[in-house]
1. Say we look at the range B:178-202 and pick out the residues that are farther than 16 Å from B:Trp299 by Cβ and polar (S, T, N, Q); which of these is surrounded by the most Cβ atoms within 10 Å (Cβ to Cβ)?
2. So which residues in the range A:400-410 are in contact (Cβ under 8 Å) with a residue 12 or more places away in the chain and either at positive phi or surrounded by 24 or more Cβ atoms within 10 Å (Cβ to Cβ) (or both), if there are any at all?
3. Which of the numbered conditions does A:Gly523 fail, given that it passes all the others? Conditions: (1) in contact with a Phe, Trp or Tyr (Cβ under 6 Å, 6 or more places away or on another chain); (2) in contact (Cβ under 8 Å) with a residue 40 or more places away in the chain.
4. Every residue in the range A:566-619 that is more than 50 Å from the chain's Cα centre (by Cα) and part of a loop (DSSP other than H, G, I, E, B), please.
5. State whether one or more residues within the range B:59-66 are in contact (Cβ under 8 Å) with a residue 60 or more places away in the chain and under 23 Å from the mean Cα position of the chain (by Cα).
6. Do you know which of the residues in the range B:134-182 that are among the aromatic types (Phe, Trp, Tyr) and assigned to a helix (DSSP H, G or I) is farthest from B:Gln293 (Cα to Cα)?
7. Only one of these conditions is not met by A:Ile488: (1) modelled with pLDDT of 80 or more; (2) open to solvent by less than 50 Å² (accessible area, probe 1.4 Å); (3) over 30 Å from B:Leu129 (Cβ atoms); (4) not charged (D, E, K, R). Which number is it?
8. Of (1) surrounded by 13 or more Cβ atoms within 10 Å (Cβ to Cβ); (2) among the aromatic types (Phe, Trp, Tyr); (3) within 14 Å of chain B (Cβ to nearest Cβ); (4) without any contact (Cβ under 8 Å) to a residue 40 or more places away in the chain, A:Phe552 satisfies all except one. Which?
Amino acid sequence: MSLKLLLIIAFSGALVTYVSGKLSQRLRDVLAVLASCASVVMVALFYGKSIENAFYLVFLDLDLYLRLNTLSWFFAITIAIVGALSIIFSLSYIKKKERTDFYYLMMLLVNASMLGIVLSGDLVSFYIFWEIMSWSTFLLISYNRGPALAAGMKYIIMSIVGSVAMLIGMLSLYGSYGTLVITELAADVPSASSGYILFLLLLFFTAFGVKNAVLPFHTWLPDAHSEAPSPFSAVLSGILIKMGTYGFFLIIYVVIGLKVFLNLGQGLLSFHYILSILGAITIIIPSFIAVLQNDAKRLLAWSTVGQAGYIILGIAFGTSLSITSGLFHFLNHAVFKALLFMVVGAVEYRTHGVRDLNSLGGLIKKMPITFIGALVGVCGLIGVPLTNGFISKWLIYKTLILEGSPFLAFAALIGTWGTIFYSYKLIHNIFLGQLPEKYKDIKKAPFSMQIPMIIFSLIIVLFGILPGIPLKVINNIVTSFGFESLNINLWGISSETGTLNTVNIFVAVIIAVIIIWLIYKAGRRAVKVDQDNNYAAGAYVPRDRYHYTVDFYNPLYRMISPFLKDFIDIFYVKLTGWTRKLCGKIRLVYTGDVGNYVMYIVLFIALLIFIQLNWSVWK
Amino acid sequence: MNIIWMIFLPIIAFIIGIFFLGLSRKIMARIHWRYGPPVTQPIIDIIRSFSQRSVSHGILFNLGIVFSIAGSIVVVLFLPFGKICPLSGSGGLLVILYLMLLAPLGIALSGGEAANPNISIGISRKFILALGYEIPMLFILLSLMTYYKTISIVEIVEAQQNMGWSIISLPLLLSGISYLLVLPAIMGIRPFEVVGAPQEISSGPMAEYGGQFLALATVEHAFSLFIGIALFVNLFLGGSGDILVPVENFLTSAGLGCIVSFLTGLAFSLKMLVVFVICLFINAVYPRLRIEQAIRYLWRWPTLFAFAGLVIVLIVGR
């Protein structure tokens with residue numbers, strides 16, 4: 001079995017699904033699930049293998065390669081799993097909408113192209129898959145039309161800017177070294193001058209930063225995530241933006257190499273330190289902007305920007321622990337953010353498109369499984385101990401503190417407080433409090449939506465209690481970058497400077513819960529009362545309006561909201577305004593009068609003659 | 001040995017916490033020129049509440065409070081109490097910082113299901129207040145961890161036995177002052193009693209608790225009182241050991257290790273008592289601030305001190 005086969009199945013699966021949709025809906029659903037699950041199984045079978053082979057010789061005089069190593073396997077398996085589960089989630093979500101065949105085609109195409117990206121062994125095929133991904137993403141973001149079109153446009157414009165930057169970088173690399181195969185570049189590039197490497201890094205940073213939504217390239221993300229269909233938001237937030245992360249890993253640690261990267265610049269002005277600070281800012285500001293949001297998906301979108309900051313911080317800081325944390329957080333974030341988008345998607349599905357946090361409430365009694373998903377997801381996002389998010393955040397805090405960067409650590413820790421704020425708001429406003437009358441007949445989420453949520457919840461808890469499972473794979477990647485191997489057990493990391501033992505915590509928590517539960521049970525049995533049977537200091541409890549959600553953190557809003565405008569977005573919007581005006585002015589030369597056009601031609605020829613006479617440019 | 005302590009330590013913590021609760025009512029009463037209830041009143045209340053009928057709003061309402069206490073118990077196991085720290089090797093100060101979240105989170109989830117706006121307002125205030133004191137608190141913790149170059153609370157305590165208490169070692173002085181300034185906010189006493197605020201939002205998160213829920217909430221309060229003060233004593237007042245070093249050596253050589261544990265525990269409790277009584281005096285004389293005023297206070301002097309403390313630690317080093 002070869003990598004070629006995997007990609008062929010992934011891509012042809014998308015096309016076959018589309019065609020079969022014209023015959024029967026049921027067949028299409030089955031094929032879509034089969035195609036996505038097939039890639040999970042196939043990727044899983046590649047575990048531990050290292051492959052590099054040419055798959056289509058001589059494209060523009062270049063060899064195209066497919067390549068598999070631990071890094072790409074790690075990303076590929078995450079992509080395959082999140083992709084497959086979001087297809088399963090889509091089954092009922094998308095059923096009653098229009099253009100469903102097209103939706104499945106695009107979903108599968110995005111998944112396949114992401115697999116292509118992480119499996120490509122040279123930058124040309126990387127770029128080709130990258131563009132397939134970008135454009136099918138654009139089509140999916142604008143799937144709902146209306147405001148989604150504007151969101152998609154914003155995305156594709158920024159994406160093109162990134163792609164162009166990448167293309168320039170590639171051309172320059174090809175001009176200098178005559179090859180675009182990653183392994184060959186990895187041998188040549190590290191010896192280049194530091195100015196050239198900085199130039200390359202800035203270009204690729206633009207390309208990958210746009211995808212990964214690093215400040216100042218994040219502005220497309222909140223719009224795109226909130227307008228896209230929810231299962232695709234899960235893919236978008238969980239794995240698609242992480243292609244930028246993969247790009248960072250590829251360019252920083254595979255092509256340029258650790259030593260060169262860390263030695264670029266000096267002290268506080270070194271490139272990796274500046275990138276770390278950028279990561280820290282990307283953590284803080286978006287995390288608190290998320291607190292201000294009233295749209296559930298927009299809140300999660302801003303949260304994604306913030307969490308991506310942790311990954312960037314981990315990558316940029318450049319110690320073995322921080323990179324482990326960055327990679328682990330990538331996995332964790334893919335899992336819990338996909339889960340949370342699915343939760344919001346399920347609520348949206350049952351309430352017929354309500355995402356406004358101020359008009360929901362009390363759904364815990366109607367959608368218990370969805371609530372558990374939300375709770376586990378939120379705990380992972382915050383990093384509550386015994387969920388996977390805790391491990392990755394613990395690692396990054398630890399390395400930042402012990403390596404003497406307390407301010408970066410402060411940024412990471414305070415970002416977590418922002419996370420707590422919006423997470424509780426999300427859970428409280430949707431699931432807790434009083435159930436409005438209009439939602440009293442709501443049903444629980446369909447089974448096909450529950451399965452992915454349950455699987456994701458289990459993964460979060462499993463990796464939280466036994467973090468050794470993913471850490472072992474991650475450790476192999478980190479050692480392949482040239483770090484020393486970490487001492488990893490099934491229950492965490494042990495080292496001289498502080499050990500982590502999640503199993504101890506788990507056992508302690510379980511025993512404590514059991515004891516307290518028994519004590520609680522020993523008391524008199526509590527009488528279950530209705531939601532209207534509340535203490536209101538003797539006043540009448542109004543139905544339907546007895547839920548404190550609007551401006552949940554009002555005193556805080558008043559203090560921090562003036563500082564938390566998205567100034568960068570405002571700037572970009574102004575920039576587009578100016579560009580539009582400028583182009584409007586330029587357009588005025590097209591008067592529609594033939595005489596004018598003749599005049600332009602004559603003037604232009606006159607200019608050419610003038611140039612030739614003076615400087616004799618053309619021999 | 002560790003397992004025995006794992007069972008006993010939460011009980012000790014509970015007894016100390018509940019004693020402090022009773023004591024606080026007594027001292028407050030004396031400051032008000034009243035006689036006040038007996039010190040055992042909270043225990044009597046707990047027993048009485050347990051036998052009373054209560055109302056429940058759902059499973060999460062029941063489970064939230066259970067998780068909250070469980071979280072507190074686990075934190076207690078991570079905090080060195082004298083010489084004893086059963087879970088010292090499982091993650092250190094960062095884990096404590098996170099585990100301390102479980103208690104408010106459990107209460108918040110439990111209260112959330114009760115569908116009472118008073119509760120929601122209380123919780124929202126709790127989170128805002130927590131952000132208020134957490135900013136100086138994080139600076140303080142980071143300066144401690146940077147100064148002692150460890151993330152383990154046990155090592156911080158041990159380092160203080162060799163180098164003297166953190167609060168009197170010069171580079172950490174500002175951090176210590178800042179910690180003292182935010183300590184009332186961490187414990188949620190006046191002037192930072194915005195979360196409960198009985199006359200204003202009907203005790204906030206406690207509004208729907210009755211019967212055994214109220215009893216459990218009191219237990220949780222006792223634990224959080226213990227944790228709040230014990231953390232301060234451990235981080236800045238040298239834990240327990242340093243007063244008794246010569247005695248300790250003698251006793252250990254005589255094979256009476258358990259007496260050492262007892263004595264250090266006693267010293268630790270005495271330090272906690274002193275800190276608690278100081279906090280009570282503050283509680284007695286100040287009126288309640290509004291939440292904005294509280295934040296404005298917390299983000300001004302304590303944050304400034306804590307920030308300056310971190311900068312000093314970075315410059316001076318160890």
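1. Applying the filter and picking the extreme gives B:Ser202.
2. Selection gives A:Leu400, A:Leu408, A:Ala409.
3. Result: A:Gly523 fails condition (2) only.
4. A:Asp593, A:Ser616, A:Val617, A:Trp618, A:Lys619
5. Yes: the range B:59-66 contains one or more residues that are in contact (Cβ under 8 Å) with a residue 60 or more places away in the chain and under 23 Å from the mean Cα position of the chain (by Cα).
6. B:Tyr148
7. Unmet condition: (1).
8. With (1) surrounded by 13 or more Cβ atoms within 10 Å (Cβ to Cβ); (2) among the aromatic types (Phe, Trp, Tyr); (3) within 14 Å of chain B (Cβ to nearest Cβ); (4) without any contact (Cβ under 8 Å) to a residue 40 or more places away in the chain applied to A:Phe552, the lone miss is (4).
The values are calculated or read from the model by the stated rules, or taken from the named source; none is laboratory data. The shown structure was predicted, so the numbers you read here are calculated from the model rather than taken from an experiment. Here Cβ is always computed from backbone atoms with ideal geometry, including for glycine, and neighbour counts include all displayed protein chains. These accessible areas exclude ligands, DNA and RNA; they are computed on the full protein's heavy atoms, side chains included. Shrake-Rupley method; radii C 1.70, N 1.55, O 1.52, S 1.80 Å.
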